[in-house]
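Laboratory data are not the source of any read-out in this text; all were calculated from the coordinates shown. Because the structure is predicted, anything quoted here is derived from the model rather than measured. FYI the Cβ positions are ideal-geometry reconstructions off the backbone, even for glycines, and counts take in every protein chain you see.
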Amino acid sequence: MKIKTGDKVMVIKGRDRGKTGTVLSADKGTNKVKVEGINIHKRHLKRATKPGVAGGITDMTLPISASNVMLIDPTTSRPTRIGSKVVGDKKMRIAKKSQSVIEDVKR
């Protein structure tokens, strides 16, 4: 998966299309990501018997497929695909549109 935690992404499919946010978590096994402020659902919680735990309706961020988001290019602020390039002994993630380096990849 080319999307990582902390990346700024834009949703390209679904009911939240066009919204942007930061990736909170990325799960390689299921190929899903949680994006801040995207795919919010209501969760009804029962009041617990422990003191200090309140019941009620809370908002939850649910994961969406990583194929439904695109990385935001840091130079142009537009969605772009992600590639990789080896320079010397370092492997780097690059934005395909502007060829700008996003970050170094640890080998």
- Short version: ³J(HN,Hα) in whole Hz for each residue of region 32-42, in order, from phi by Karplus 6.51 cos²θ - 1.76 cosθ + 1.60 (θ = phi - 60°), x for Gly and Pro, what are they? 10, 10, 9, 10, 4, x, 10, 6, 7, 10, 7
- Task: Work through the residues other than Arg43 whose Cβ is under 15 Å from its Cβ and net out their charges, Lys, Arg +1 and Asp, Glu -1.
- Result: +3
- Note on the structure: Taking a ≥ b ≥ c as the square roots of the eigenvalues of the Cα gyration tensor, with a/c under 1.5 meaning rounded and otherwise prolate when a/b exceeds b/c and oblate if not, the chain is prolate
- Message: Over the chain, with a Gaussian network built from C-alpha contacts below 10 Å, which listed residue (Arg15, Arg81, Arg93) shows the highest mean-square fluctuation?
- Response: Arg15
